[in-house]
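Everything below concerns the one structure shown next.
Just so it is clear, none of the values below were taken in a lab; they were calculated from the coordinates. All values reported here derive from a predicted model rather than from experimental measurement. Because the Cβ atoms are built from the backbone with ideal geometry, glycine has one as well, and the counts that use them run over all protein chains shown.
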Amino acid sequence: MSNTVIYRARMIRTMNPANPTGSAIAVRDGKVLGVGTVDELAAWGEHTIEDKFADKVLMPGFVESHCHAMSGGMWTYPYVGFFDRRSPEGKLWRGCGKIDEVVDRVAELNEQMNADDIPEDQPLIAWGVDPLYFAGERMYRQHLDRVSTTRPIFLHHASGHLATVNTAMLDAAGIGADTPTPGIPLGEDGVPNGELQEPAAMQLAGSAFAKLMSEMGSPDSLWRYAFEARNCGVTTVTDLGGAALTEQRLSGWEQVTADPAFPLRAMLAVSPEFTGATDHGDLADQVADKVADSADKLHFGIIKLVLDGSIQGFTARLNWPQYMNPPEDAAENGIWLMPPDQMAEIVTEYHRRGLTVHCHCNGDQATEVFVDAVEAALENHPRFDTRHTVQHCQLTTKAQYRKMAALGMCANIFSNHIWYWGDQHREFTVGPERARGMDACATALREGVSFSIHSDSPVTPMGHLHTAWCAVNRITPDGDVLGVHERISVHDAMYACTIGGAHQIKMDHLIGSLEAGKLADFAVLEDDPYEVDPVELKNIKVWGTVVGGVAYQSTAD
Ligand SMILES: [Zn+2]
């Protein structure tokens with residue numbers, strides 16, 4: 001009995017340039033047998049015809065090559081972000097448009113904790129807050145002290161690089177004016193103002209931060225991550241959180257991906273920061289060993305490094321003229337999260353063992369350090385087709401893109417920033433000219449750099465139709481078109497979300513297009529991205545996904 005299924009569809013967009021469209025796709029043993037017409041595919045012999053997608057549009061499953069497993073775990077906690085956001089279960093959380101609305105929601109949560117008799121020493125944790133939207137007003141411990149002076153409160157910011165805590169949290173953690181850890185700005189009164197910048201400072205809020213982080217690898221949170229992906233047509237993610245080799249995270253992933261009902265493939269990046277590794281060579285050996293263990297839904301081979309912070313948090317490293325309008329308490333030109341003068345040596349350790357290095361670089365100064373480090377690694381240990389990738393690439397210059405092309409590097413561009421922070425970048429962080437040139441997909445294309453675009457979920461919501469809409473339209477909440485000349489076509493955006501993503505994680509031989517021999521991973525859409533008005537791209541409904549020939553329907557309405 002053959003297990004061949006031929007799916008009829010309204011339209012199939014394959015991303016295979018030699019066979020770009022079809023009206024039917026045949027699947028056998030979880031793989032694509034071919035794309036064409038039903039009559040053509042029937043020649044493969046015994047089969048069943050499936051009409052459930054007859055009025056849908058099929059594309060290769062989207063490849064979200066920069067997001068974090070914590071995207072699922074975050075939903076263990078309440079959301080207090082600026083924009084409306086939908087949970088993996090499909091519930092819509094309304095955004096908090098003002099600091100007072102954040103404070104009000106936190107107060108409600110505190111009342112609920114009190115009503116539930118949760119002891120006062122248990123922290124209140126919420127996530128997604130972003131003070132940059134509050135018209136220049138910053139959020140300090142005093143705002144949260146209005147909610148409680150006894151229960152520690154920890155608000156994790158949308159950027160993932162910052163937290164705001166109340167005085168009870170500072171006291172419980174023993175954080176004071178003389179705490180030597182960088183990233184603890186003081187208020188005018190000489191006391192920490194409640195902001196904790198970057199992981200080293202956030203870790204001091206031990207009880208809350210450790211609790212938050214401990215949820216992130218649980219099987220429950222990984223299932224939520226997979227549901228979030230399924231709801232937006234994503235069939236493969238790269239978890240760039242980097243904690244993949246910690247015992248808890250690895251066993252969580254092994255458990256969920258062994259379940260045939262798990263609707264997601266994952267490339268797990270490993271970061272020295274989260275493994276406690278002091279020797280980069282040892283870690284490189286460990287990861288190189290894991291590559292051989294890669295399974296159907298679980299893949300290894302990427303090292304994640306983080307060079308600087310975020311532009312909107314004023315912690316990214318920028319070349320001259322640096323920040324336009326930074327707050328007074330911001331660090332001078334951001335923070336290095338790794339020593340720039342050791343990057344060549346560090347990158348070389350991973351590069352020479354055949355691994356691919358993906359390095360978080362928001363600012364152009366960070367990109368420069370990483371690109372130079374890759375150049376040094378290549379000079380000492382020539383290797384072809386490394387695909388070392390600049391992650392975020394927000395201010396990468398044309399000269400840097402040209403050099404990346406020459407070195408065989410890839411870019412993963414944070415297009416969602418144009419919508420979520422575009423107005424702030426124009427007004428506060430880098431000014432109009434550089435904001436128009438941020439997240440420069442058209443430049444990457446012109447200079448011949450293979451690229452993808454990403455959400456960095458949970459920093460912004462996962463969803464490639466929205467991310468593609470950002471890259472194609474570059475519209476900001478103020479209604480500005482921020483950088484007309486960096487807009488790209490719908491096809492180029494769709495390519496970036498599929499083959500572009502698969503290429504930079506070295507899975508393009510398996511996924512990223514619908515063609516004979518590849519895995520049967522589809523995004524099932526209600527409309528054709530190539531047919532709708534490009535400003536409507538983000539509104540296309542997603543039915544769900546097919547992963548390895550198995551259909552998974554979205555729960556979002
Ligand atoms: Zn990230």
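List the trypsin sites (Lys or Arg not before Pro) within the stretch 32-123 that fall in a DSSP loop (any state other than H, G, I, E or B) and whose Cβ has at most 16 other Cβ atoms within 10 Å.
Those satisfying the criteria are 52, 91, 94, 98.
Exceeding 31 Å between C-alpha atoms, which entries from my cross-link table qualify? They are 211/398; 91/211; 98/506.
Cα-Cα > 31 Å for 211/398; 98/506; rest within.
Tell me, what HN-Hα J-couplings in whole Hz come from the Karplus equation 6.51 cos²θ - 1.76 cosθ + 1.60 at θ = phi - 60° for each residue of the stretch 394-403, using x for Gly and Pro?
6, 10, 3, 8, 4, 4, 5, 4, 4, 5
Loop sites only, by DSSP: take the GluC sites (Glu not before Pro) in the chain that have at most 14 other C-beta atoms within 10 Å and name the longest stretch containing none of them.
The answer is 333-525.
Averaging over every viewing direction, what projected area does the convex hull of the Cα atoms of the stretch 1-139 cover, in nm²?
14.3
Put one equal scatterer on each alpha carbon of the stretch 384-434, apply the Debye formula with no solvent term, and list log10 I(q)/I(0) at q = 0.20 1/Å to two decimals.
-0.74
Separation of the stretch 244-292 and the stretch 131-148 by C-alpha centroid, Å?
37
For the stretch 206-326, divide the Cα radius of gyration by the Kirkwood radius and give the resulting Rg/Rh value with two decimals.
My calculation puts Rg/Rh at 1.04.
Based on the alpha carbon coordinates of the stretch 73-214, what radius of gyration and maximum Cα-Cα distance (Dmax) apply, in Å?
Using the Cα atoms of the stretch 73-214, the pair Rg, Dmax is 14.2, 45 Å.
Using 0.36 nm times the number of residues separating residue 329 and residue 551, minus their current alpha carbon distance, what extension gain do you get?
74.8 nm
Would you please calculate the Kirkwood hydrodynamic radius of the chain over all C-alpha pairs and express it in Å, rounded to one decimal?
23.9
For the chain, calculate the relative contact order in percent as a whole number, restricting contacts to Cα pairs under 8 Å that are 6 or more residues apart.
Numbers: 1340 pairs, mean separation 97.1, N = 557.
Rounded, it is 17 percent for the chain.
Among DSSP beta bridges lying fully in the stretch 84-173, give the percent that are antiparallel, nearest 5.
Here the share of antiparallel DSSP bridges comes out near 50 percent.
Tell me which aspartates and glutamates have Cα within less than 17 Å of residue 52's Cα, excluding those fewer than 8 residues away on the same chain?
Reachable aspartates and glutamates: 521, 526, 527, 528.
List every residue whose amide H lies under 5 Å from the amide H of residue 218, counting only residues 5 or more places away in sequence or on a different chain, with H placed 1.01 Å from N in the peptide plane.
none
Trypsin sites (Lys or Arg not before Pro), restricted to the stretch 319-398: which are DSSP loop and have at most 16 other Cβ atoms within 10 Å?
352, 383
Run lengths n ≥ 4 of DSSP H only: what is the helix-derived mean residue ellipticity at 222 nm for the chain, with -39500 (n - 2.57) per run over all residues, to the nearest 500?
-8000 deg cm²/dmol
Normalising by the residue count of the stretch 73-214, find the relative contact order in percent from Cα pairs under 8 Å and 6+ residues apart. Intermediate values should be presented prior to the final figure.
Details: 251 pairs, mean separation 26.9, N = 142.
RCO, the stretch 73-214: 19 percent.
Give the lysines whose C-alpha is closer than 19 Å to that of residue 56, dropping any in the same chain fewer than 8 places away, or say none.
Reachable lysines: 538, 541.
Using modelled backbone amide H atoms (1.01 Å from N, in-plane), which distant-in-sequence or interchain residues come within less than 5 Å of residue 298's amide H?
266
At residue 100 and residue 295, where each label point lies 7 Å from the Cα along Cα→Cβ, what is the point-to-point distance in nanometres?
That separation, rounded to one decimal, is 5.3 nm.
Can you list residues whose amide H is under 5 Å from residue 270's amide H, if they're 5+ apart or on another chain and H is modeled 1.01 Å from N?
302, 303, 304
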